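The values are calculated or read from the model by the stated rules, or taken from the named source; none is laboratory data. Bear in mind the structure is a predicted one, so any value in this text is a computation, not a measurement. Neighbour counts run over all protein chains shown; Cβ positions are idealised from the backbone, glycine included. The area values use the complete protein model at the heavy-atom level, side chains included, leaving out ligands, DNA and RNA. Shrake-Rupley method; radii C 1.70, N 1.55, O 1.52, S 1.80 Å.
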Amino acid sequence: MPTTSRSRIVLATTAALASLTAAAHALPQTTETATHAEPSAEPLAGLRVLLSNDDSMQAAKASHTDGLGLYDMRKALCAAGADVVVMAPWQVQSGKGTAVTNGGALTLARRTRLPAGYENDCTGAPSGSPVYGVCLSDDACGAGTPSATPADTVKFALRSGLAAKAGWADGPDVVVTGINSGPNVSAQVNDSGTVGAAVAAIDDGVPALAFSSSGDSTNTDFPVANYRANAEFGTRLLAGMRERSLLTGKFAVKVDYPDVSTGRRAKAPLWTDIGHGKVVWHDYAARRGSGDTFDIVPGVCADRPGDSCTETVRRADSTALLSGHVAVAPVTADRTYGATVDGGKNLRKLKHYVEHDAPRP
């Protein structure tokens, strides 16, 4: 997606989220205090993690919209003892959802020079903790080479790539996607490549967590402070889920983290539902003359006539995020209306953990 389009989208997202403020006070509050055992120095020791995203592994833009969050998550996971292998899209693939490529070839490009400050994060990892970009090519990945989609990277890693490059014949224990530059909430979850990559994992029965971070007040820049806070919280959340045997391939867990770059701490995690509001509206009415070309014009859904996209879900993820909470929501691969995975047993256990025992930011 061109930079100008992405900027319009994130600006629209900020304005639309503001329209949800009035609903935030209705959210039930969780207990802020919880008794926790003394954490282990390496609570994720022995855990094999496939790390992917939809923002690529380039991490070259000053706005931090092309994969820097992935490196902060890698750093936190390795510090907690996990063995992490990165296989991510070669280029930014924001908005690709669960799209897959049905022909051609995939090529891996190993990154040998990591972003400054992240070079020595995973020294000593059994796999060597390699970072790969995955492109659509039968030759080397170049600057203009098309990229694999987020779902491509996870499916490839699970079905072939990890066995070939890391020796993980049995695959990873969990797939972590993100940290995405920008929230993935409400109806736009359907478009999210970060969530799409996690869904690809549970399609193969592998537990998955998808992490996204809010930007600054303009939502066009994504401070490192937000990524680091999200990565630290996410690693502790994953450790708690592992300790309590809450990791399951039956559904993915989506985590959206608020902006903390101004020094305001995130509030306690809330168990939420994915909202129905459309935070961003893609309009295609701008026709170029009388021809067959129509511009893609992202806009603020609340500005549409009749405001038909207003959020109506009481415990919506977008509303929780706007009020400063970490928003946690389950995502199932079963699109059947009203479907409940395994009678809701695992969901109830995870909901209780999030509301009562999960780490606090």
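Annotations for the structure displayed:
- Checked against a 32 Å cut-off, the cross-linked pairs LYS61/LYS349; LYS61/LYS345; LYS267/LYS349; LYS165/LYS250; LYS165/LYS278; LYS165/LYS267 give Cα-Cα distances beyond that limit for LYS61/LYS349; LYS61/LYS345; LYS165/LYS278; LYS165/LYS267.
- Listed peptides 183-193, 201-211 by packing density, highest first (mean Cβ within 10 Å): 183-193, 201-211
- Exposure here means at most 14 other Cβ atoms within 10 Å; with trypsin sites (Lys or Arg not before Pro) in a DSSP loop as sites, the longest stretch of the chain lacking them is 114-243.
- Anisotropy class of segment 92-139 from Cα gyration tensor, a/c 1.5 cut: prolate
- Accessible area in square angstrom per residue, the chain, 1.4 angstrom probe: 43 Å²
- Protein-only accessible surface order, largest first, of HIS282, HIS356, HIS276 at 1.4 Å: HIS276, HIS356, HIS282
- DSSP bridge orientation in segment 79-168 - percent antiparallel, rounded to nearest 5: 60 percent
- For segment 38-153, the Kirkwood radius over C-alpha pairs fed into Stokes-Einstein at 25 °C and 0.890 mPa s yields D = 167 µm² per second.
- Averaging the Cα positions of each part gives two centres, and for segment 243-265 and segment 127-147 these lie 28 Å apart.
- Solvent exposure ordering (accessible area, 1.4 Å, most first) of TRP168, TRP90: TRP90, TRP168
- Sites SER217 and TYR118, calculated FRET efficiency, Cβ-Cβ separation with R0 25 Å, nearest 0.05: 0.45
- Percent accessible area from carbon and sulfur atoms, the chain, protein chains only, probe 1.4 Å: 50 percent
- Looking at the chain, the DSSP beta bridges with both ends there are about 40 percent antiparallel.
- Taking the empirical scaling 2.2 N^0.38 Å for compact globular proteins as reference, segment 145-244 has a Cα radius of gyration ratio of 1.16.
- Share, in percent, of DSSP beta bridges within segment 247-361 that are antiparallel, nearest 5: 75 percent
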